[in-house]
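A.B. asks: Below is a structure I'd like to ask you about.
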Amino acid sequence: MDRLDELESQSVYIIREAYYHYKKLAMLWSVGKDSTTMLWLCRKAFFGKIPFPLLHIDTSYKFPEMYKFRDEYSKKWGLKLLITRNEEALAKGMTPDKKLECCTALKTEGLKQAIAKYGFEALLLGIRRDEHGIRAKERYFSPRDEQFKWNYQDQPPELWDQYKNQAEEKTHIRVHPLLHWTEKDIWYYIKRENIPITDLYLAKDGKRYRSIGCVPCCSPVESNASTVDEIIEELESTTTSERAGRAQDKEDTYTMQKLRALGYM
Amino acid sequence: MTIKHNPKFMVLSIDGVPIGLLRQLMGEGVMPNMAALAEQVGTRQMRSVQPTVSCVAWSGYMTGKNPGKHGIYGFIDRREGSYDLKFPNSLTMATENIWEILSQANKRVFGMNVPGSFPPRQVNGILIGGFLSPSLEKAAWPADESNYLKSIDYRLDSDAQLARRDKQAMLGDLDITLARRMEAMFYYMDTEDWDFFHTHIMGSDRINHFLLQKFEQEDPEFAPAFRAYYRKIDEAVGKVLDRLPDDTPLLIFSDHGFCPIKQEVQLSRHLVEKGWTVPADPIRHPLSIEPAKSRAYCLIPGRGYVNLKGREPGGIVPPEEYQQIREQLSRDLLEMREPNTNEKVIRKVLMREEIYWPSGCRGIQKMEPLEVARHEGAFGKAADVIAMPYDGYDLKLGLAGKTLFQKTELEGMHTYHDAFMIARGVELPKDDLEISMLARPILEKLDVEPPTDMDGIGEAITPDV
């Protein structure tokens, strides 16, 4: 079995485990390359017909290309797509001028509202260990408490790939089928499977997005990689972090605010 | 109260207090406890670091090394492989710190609020990060200590935004922050006989930044408030002196001095005006430059970089022109004048190899410009040229700023030569003293062998610039 087959089978196994254990399961779909890859794996796991809904947390600030892509493939693949927005916060005028508050209100609170509304027990998320230092500590099955807090000191052990999928009540479980994938794995797999992605990832005029989210918080990186093959080639030689273009790296934002107030910027 | 425990070595550092101000406040009777201690053991002047900012100074203190070895040169850096910003912290520090070295020798250590110590490294004891820590949980090692800190409403830092809006509110905030920090300090002193115990006070730097001129001009509202704050620091010093046995080794010192600001200087604006840097459109952050058109760029404070081919991702200056570009850039910087007074702004421009040396070296190295340019590791992150301003000209980084010179709410800026040191029971180098020379005598006092690559003696002392 080659590496991609192995990654794929492990993810499919985790997805099926999650579906077996949780009646109220949903998959978070941000329309980025990772969650679209996860969506592809879910379709594979259930032979083209995903038996649980997909949840899209709409901040209203995403790229127009992302909305278009979402609606097109939702129809094409016959997905049960639930879209939620924190309308209250948006009505009060929440905008990305205040990055930290905006993310909390539109993403975290938006998700809380959706969980309360639909009563989900577990959510599939397309995060990967190599994305960010803090994510390296994640588990495949990761309980969150009522406040959504992730207590990283109280996580089930996952030795020898044995997963603990039971948790106390009042928590919901986050399931991370892509945890063991790297950015490069994702791109090799996209290439092999010919998975559709939004063309924001492909270079235009010397720039492309390596990571996408809300328009005001994403910066393109310098790149001439205009095909998946070229992206793979580029990633083989870069040392820059994938999320370098994401202004929402919250600690950096905090640091920046602090330094600005002290006159260091 | 009966005192059960006391540390075997105590450090109480007070950020950004110049020796002149300290002497004035001791003389006026504002700081009687410090004065009494100084009377017994003397006060000394100490040199800071280049560039003179807290995170670099404290990194020098906690590693006992030159920045060329620890790799911390400021609060912001360029992210490798891009022109984005990155925020250096203890994880990017290339070498172990004093708490780790002592931990390896089985000493019990404590550190609280020392700039540059976040995220806390895993030590044999407790480390609580300083003002750039985003939350108490993340600031504390072990993270559980945040429970106690939360219970006393401990504050990582005072609110500088507030300081810009409302000086009275800032003063209240500084008082609470100091009070909670001192409460935590005495709480932790009481928990065990620490081998090494270091608490840092940051508020002095803040009050100097925002009120130094009002103090010097004897402003009727704020000069008394300024003295009152220093009186509170002195009271805390008094309590520490009361409880510590007289033979406990003790260091009380600052990391740099301060002077009033005449003008803030947007150095990146100067580089734009002189054609060195071409800003991107739109300017998203202080490093938003057009690499294909920029021969040089800068970072705060006074750190000039050549946009070097093969090193910067969009570098355009061929390595063989590196030295020539550095020299031209230096001349340009030295020529800058404040238009109203015609005063010169930059006192000196140093090449990176004149004050920094790489890991494994014991002082300034003779290097060819090409070797300097292409050096990797911690030394290779240094600015290519370092501009030292005359006192009063605070070098900033404002690519989007429209004016080169401006005056804001900030009243004080850091100075290099005039930090202070009061040392009891610790043998420090006799003549010249710089902040990176402190780790070695601390370790020696605690019978711990300093790492072989530690600086601070002989040739491995930064030349006095």
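The values are calculated or read from the model by the stated rules, or taken from the named source; none is laboratory data. What you are looking at is a predicted structure, and each value in this text was computed from that prediction instead of being measured. Positions of Cβ are generated from backbone atoms using ideal geometry, with glycine treated the same way; all protein chains shown enter the neighbour counts. Side chains are part of the model used for accessible areas, which takes the heavy atoms of the whole protein and leaves out ligands, DNA and RNA. Shrake-Rupley method; radii C 1.70, N 1.55, O 1.52, S 1.80 Å.
A.B. asks: Give the accessible surface of segment B:22-101 per residue, rounded to a whole number of Å², with probe radius 1.4 Å and ligands, DNA and RNA excluded. Walk me through the numbers on the way to the answer.
C.D. replies: Working: 2220 Å² over 80 residues.
Per-residue value: 28 Å².
A.B. asks: Taking every Cα atom in chain B, find the radius of gyration and the maximum pairwise distance Dmax, and write them in Å.
C.D. replies: Using the Cα atoms of chain B, the pair Rg, Dmax is 21.9, 69 Å.
A.B. asks: Can you work out the FRET efficiency for the pair B:I283 and B:E376, with r the C-beta to C-beta distance and R0 = 41 Å, to the nearest 0.05? Kindly include the intermediate steps, with their values, before the conclusion.
C.D. replies: Working: r = 30 Å, r/R0 = 0.72.
Working from the Cβ atoms, E equals 0.85.
A.B. asks: Moving on to the next point. Return the FRET efficiency for the residue pair B:R331, B:E444: r is the Cβ-Cβ distance, R0 is 60 Å, and the value is rounded to the nearest 0.05. Please report the intermediate quantities before stating the final value.
C.D. replies: Details: r = 44 Å, r/R0 = 0.74.
Approximately 0.85, to the nearest 0.05.
A.B. asks: In whole percent, how big is the carbon plus sulfur part of the accessible area of the protein assembly as shown, probe 1.4 Å, protein atoms only?
C.D. replies: Values: 14620 of 29920 Å².
Carbon and sulfur atoms account for 49 percent of the accessible area of the protein assembly as shown.
A.B. asks: Can you give the FRET efficiency for A:S9 and A:K207, using 1/(1 + (r/R0)^6), R0 = 60 Å, r = Cβ-Cβ distance, to the nearest 0.05? Could you put the intermediate results ahead of the total?
C.D. replies: Numbers: r = 36 Å, r/R0 = 0.60.
Efficiency computed from Cβ-Cβ geometry: 0.95.
A.B. asks: Another question, then. Beta carbons within 10 angstrom, averaged per residue: use that to sort the peptides B:238-248, B:376-386, B:297-307, highest first.
C.D. replies: Details: B:238-248: 14.5, B:376-386: 20.6, B:297-307: 25.5.
Taking the mean over residues of other Cβ atoms within 10 Å, the ranking is B:297-307, B:376-386, B:238-248.
A.B. asks: May I ask you to list the lysines whose Cα is less than 27 Å away from that of B:K232, ignoring any residue fewer than eight positions away on the same chain?
C.D. replies: Reachable lysines: A:K258, B:K4, B:K8, B:K150, B:K167, B:K214.
A.B. asks: How much space per residue, in cubic angstrom, does the convex hull of the C-alpha atoms of segment B:1-132 take up?
C.D. replies: Given the Cα convex hull of segment B:1-132, per-residue volume reads 156 Å³.
A.B. asks: How far is it, in nm, from the label point at B:I457 to the one at B:R165 when both lie 7 Å from their Cα along the line to the Cβ?
C.D. replies: Output for this residue pair reads 5.3 nm.
A.B. asks: Taking only protein heavy atoms into account and a 1.4 Å probe, give the accessible area per residue of segment B:124-208 in Å².
C.D. replies: Values: 2700 Å² over 85 residues.
Per-residue accessible area for segment B:124-208 comes out at 32 Å².
A.B. asks: A further question follows. Segment B:75-96: which residues show an accessible-area loss of 40 Å² or more, assembly versus chain alone, 1.4 Å probe?
C.D. replies: Checking the loss per residue gives B:F75, B:R79, B:F87.
A.B. asks: Quick check: with the 1.4 Å probe, what order do B:W99, A:W40 take by accessible area, largest first?
C.D. replies: Solvent-accessible surface, decreasing: A:W40, B:W99.
A.B. asks: Using 18 Å as the cut-off for backbone N distance, which residues of segment B:123-148 belong to the label zone defined by a point 7 Å from the Cα of B:K8 along Cα→Cβ?
C.D. replies: Answer for segment B:123-148: B:123-126.
A.B. asks: What is the spin-label model distance, in nm, from B:D175 to B:T191 if the labels are put 7 Å beyond Cα along the C-beta direction?
C.D. replies: If labels sit at B:D175 and B:T191, their model points lie 2.9 nm apart.
A.B. asks: At the nearest 100 Å², what buried accessible area, both sides summed, do you get for A and B when the probe is 1.4 Å? Don't jump to the answer; show the numbers that get you there.
C.D. replies: On the way: alone 14160 and 18150 Å², together 29920 Å².
Buried surface at the A/B interface: approximately 2400 Å².
A.B. asks: Once whole DSSP H runs in chain B are found, which of them have Cα atoms spread over 30 Å or more along the helix axis and a mean Kyte-Doolittle score of at least -0.5?
C.D. replies: Working: long enough: B:167-189 (32 Å, 0.05); B:222-243 (32 Å, -0.31).
Result, helices passing both filters: B:167-189, B:222-243.
A.B. asks: Can you tell me what share of the DSSP beta bridges in chain B is antiparallel? A percent to the nearest 5 is fine. Don't skip to the end; give the middle numbers.
C.D. replies: Details: 31 of 55 bridges.
Among the beta bridges of chain B, antiparallel pairing accounts for roughly 55 percent.
A.B. asks: Moving on to the next point. How large are Rg and Dmax for the protein assembly as shown when calculated on the C-alpha trace, in angstrom?
C.D. replies: In order Rg, Dmax, the Cα atoms of the protein assembly as shown give 27.6, 84 Å.
A.B. asks: So for the pair A:E87, B:V465, with labels modelled 7 Å out along Cα→Cβ, what separation do we get in nm?
C.D. replies: So the label points at A:E87 and B:V465 sit 6.0 nm apart.
A.B. asks: At each listed q (0.16, 0.17, 0.27 Å⁻¹), what is the log10 of I(q)/I(0) that the Debye formula gives for segment B:111-150 modelled as equal alpha-carbon point scatterers?
C.D. replies: Rounded to two decimals, the profile gives -0.28, -0.32, -0.81.
A.B. asks: Let me ask something else about it. Note down, for segment B:184-252, the three equivalent ellipsoid semi-axes (square root of 5 times each alpha carbon gyration tensor eigenvalue), biggest first, whole angstrom. Intermediate values should be presented prior to the final figure.
C.D. replies: Working: eigenvalues 188, 28, 20 Å².
Values for segment B:184-252, descending: 31, 12, 10 Å.
A.B. asks: Going by average Cβ neighbours within 10 Å, how do the peptides B:282-293, B:76-87 rank, with the highest at the top? Don't skip to the answer; put the middle values down first.
C.D. replies: Numbers: B:282-293: 17.0, B:76-87: 19.7.
My ranking of the peptides, most packed first, is B:76-87, B:282-293.
A.B. asks: May I pose another question? Roughly how many Å² is the accessible area per residue of segment A:1-61, as a whole number, for a 1.4 Å probe?
C.D. replies: On the way: 2560 Å² over 61 residues.
That works out to 42 Å² for each residue.
A.B. asks: In terms of solvent-accessible area of protein heavy atoms at a 1.4 angstrom probe, what is the ranking of A:H180, B:H70, highest value first? Each step should come with its number before you reach the end.
C.D. replies: Details: A:H180 35, B:H70 0 Å².
Most to least solvent-accessible, the answer reads A:H180, B:H70.
A.B. asks: Ok, one more. With the dipole of segment B:178-244 worked out from charges on the C-beta (+1 for Lys and Arg, -1 for Asp and Glu) around the Cα centre, which of B:T191, B:M202, B:F215 lies farthest toward the positive end?
C.D. replies: Projecting each Cα onto the dipole axis, the largest value belongs to B:F215.
A.B. asks: Check the straight Cα-Cα distances from B:K381 and name the aspartates and glutamates below 14 Å, setting aside those fewer than 8 residues away within the same chain.
C.D. replies: Output for B:K381: B:D77, B:E80, B:E312, B:E353, B:E371.
A.B. asks: If the chain between B:E290 and B:V41 were fully stretched, how many nm would it gain, using 0.36 nm times the residue separation less the Cα-Cα distance? All intermediate terms of the calculation are to be shown ahead of the outcome.
C.D. replies: Numbers: separation 249, 0.36 × 249 = 89.64 nm, distance 5.51 nm.
The B:E290-B:V41 span can extend by a further 84.1 nm.
A.B. asks: Do any of A:K24/A:K92; A:K191/B:K86; B:K293/B:K402 go past 24 Å between their Cα atoms, and which?
C.D. replies: Working: A:K24/A:K92 31 Å; A:K191/B:K86 32 Å; B:K293/B:K402 20 Å.
Going by Cα-Cα distance, A:K24/A:K92; A:K191/B:K86 fall outside the 24 Å limit.
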